[in-house]
Amino acid sequence: MKSTIAVTLTDKPKPKPHDDELFFGRIFTDHMFLMDGVADQGWTNPRVVPYGPITLDPSAAVLHYSQEIFEGLKAYRSPRDSALLFRPDKNATRFNRSAERMCMPPVEEEMFLDAVKALVATDKSWVPHSPGTSLYIRPAMIATEAFLGVRPAKSYLFFIILSPVGAYYAEGFNPVKILVEDKYVRAVKGGTGAAKTGGNYAASLAAGEEAHHHGCAQVLYLDGVERKYVEEVGSMNIAFMLDGTLVTPSLSGSILDGVTRATVLQLARDWNIPVSERQVAVDEVITAAGNGRLSEVFGTGTAAVISPVSHLVYKGEHIQVGNGKVGPLAQRLFDEISDIQRGLKPDPHGWVVEVRA
Ligand SMILES: *Cc1c(COP(=O)(O)O)cnc(C)c1O
């Protein structure tokens, strides 16, 4: 399919916020992308239209049984004033893996990328300028069929919305505490943990609340069967600097295949840092922290790029990682990835895609 995208511009552009008034996901741009799908028949009517509410029948399948998937990526303003996307092909591929798991129709990768580019080009003036800011891109698909039966829906809406977001580290590149969760689990093998689907997030809210009560920013989930192996943070993957090796849990079927995770692994290999994707027992991490062999822990994800961890809170104990400060690898990865994303450094792997207005 190579359909042309119809563009209808708003006649009421919104006032743009100042870069220092930006938070995550509160303000949306002037336009959105929509496209209608019918199972087994593909997609029709791809269009950029003024941003606004969508109507759904109250019996729409997504509202009852959560047949929904999404993606998250960003556009960054380059020194030449163009908008840059970072590895958007990975998001397109992952979107279709999620769609398959949730029995939803695929979106051809080229169509997914054309839609993202068309919308970003339309709202390019919304890509913020200040260091650290970006335009968050949220593609999603929902089951719209008006039907309360439990089976894959017959009709779908694919949409993309955009939100200018502030610098994640407005107060500096600060490490956070994370709660190692031994009560709630996020996903199990055979479940939906490897799909980017809203239900995983709904299921994670209770653990997130508990983490906040413990003064922790995030939850580190353990495997759902033995509560023994580290999985991921629920919106980020996790990595450990253990005895000089960058160790991250392997893609076991219950964790998300993060674009940032893949990027971090590639850069570490480029820099001749030993890398290991394997099962990581939480006891191994705690023991290594105790005898000084755990120098760094950090989360990896599109929102923060790198999120350094100062303490793991496990079974009521606060365990400090390294010296409790941002480690050198976390800092180097953050600087390198941020600079490539913004077109400030060479891009030897061809990760950056420029959006032409
Ligand atoms: C999106 C997401 C991540 C991070 O993936 P990136 O592609 O690096 O942004 C990690 N875990 C979960 C559960 C996610 O939804």
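Some observations on this one:
- Within the stretch 346-357, residues that are more than 16 Å from N91 (Cβ to Cβ) reach partners that are part of a loop (DSSP other than H, G, I, E, B) with beta carbons closer than 7 Å, at six or more positions or on different chains, in the pairs E354/S82.
- Summed over the stretch 76-91, the residues that are within 14 Å of the ligand (Cβ to nearest atom) and in contact with a Pro (Cβ under 9 Å, 6 or more places away or on another chain) give a count of 1.
- Residue check for V264: under 25 Å from the mean Cα position of the chain (by Cα), at pLDDT 95 or above and farther than 21 Å from K228 by Cβ: yes
- Residue match in the stretch 231-254 (condition: small (G, A, S), open to solvent by less than 10 Å² (accessible area, probe 1.4 Å), within 14 Å of the ligand (Cβ to nearest atom) and in a helix (DSSP H, G or I)): no
- Annotation note: Cβ proximity below 7 Å between a residue of the stretch 118-131 that is within 14 Å of F33 (Cα to Cα) and a residue that is in a helix (DSSP H, G or I) and modelled with pLDDT of 95 or more (sequence gap 6+ or interchain) occurs for no pair.
- Of the listed requirements (1) touching a residue at least 12 places away in the same chain (Cβ under 8 Å); (2) surrounded by 14 or more Cβ atoms within 10 Å (Cβ to Cβ), D335 misses just one: (1).
- Test: N237 is at pLDDT 95 or above and over 20 Å from A289 (Cβ atoms): no
- Each residue in the stretch 115-165 was checked for being within 24 Å of D57 (Cα to Cα), in a loop (DSSP other than H, G, I, E, B) and open to solvent by 10 Å² or more (accessible area, probe 1.4 Å), and 9 pass.
- Among the residues making up the stretch 39-51, those that are at negative phi and exposed (fewer than 13 other Cβ atoms within 10 Å of the Cβ) are Q41, T44.
- Check on F28, within 16 Å of the ligand (Cβ to nearest atom) and either polar (S, T, N, Q) or at negative phi (or both): no
- Leading residue by the ranking (farthest from I137 (Cα to Cα)) among those in the stretch 1-38 that are open to solvent by 30 Å² or more (accessible area, probe 1.4 Å) and in a strand (DSSP E or B): V38
- Residue count for the stretch 168-207, restricted to those that are part of a helix (DSSP H, G or I) and touching a strand residue (DSSP E or B) at 6+ places or on another chain (Cβ under 6 Å): 2
- Checking Y184 against (1) within 20 Å of the chain's Cα centre (by Cα); (2) among the aromatic types (F, W, Y); (3) within 15 Å of the ligand (Cβ to nearest atom), the condition it does not meet: (1)
- Taking the numbered list (1) open to solvent by less than 40 Å² (accessible area, probe 1.4 Å); (2) at pLDDT 95 or above; (3) within 16 Å of the ligand (Cβ to nearest atom) in turn, A211 passes all entries but (2).
- The listed residues are G327, G322, and the only one of them that is touching a strand residue (DSSP E or B) at 6+ places or on another chain (Cβ under 7 Å) and either within 30 Å of I137 (Cα to Cα) or of a type in the set (D, E, K, R) (or both) turns out to be G327.
- Hey, A303 open to solvent by 10 Å² or more (accessible area, probe 1.4 Å) and under 18 Å from the mean Cα position of the chain (by Cα) or not: yes
- Remark: I286 matches the filter, which requires a residue to be away from the ligand (no atom under 16 Å from the Cβ), under 25 Å from H213 (Cβ atoms) and part of a helix (DSSP H, G or I).
The values are calculated or read from the model by the stated rules, or taken from the named source; none is laboratory data. Keep in mind it's a predicted model, so treat the numbers as computed, not measured. Here the Cβ is made from the backbone with ideal geometry for all residues, glycine too, and neighbour counts use every protein chain on show. With ligands, DNA and RNA removed, areas are computed over all heavy atoms of the protein, side chains included. Shrake-Rupley method; radii C 1.70, N 1.55, O 1.52, S 1.80 Å.
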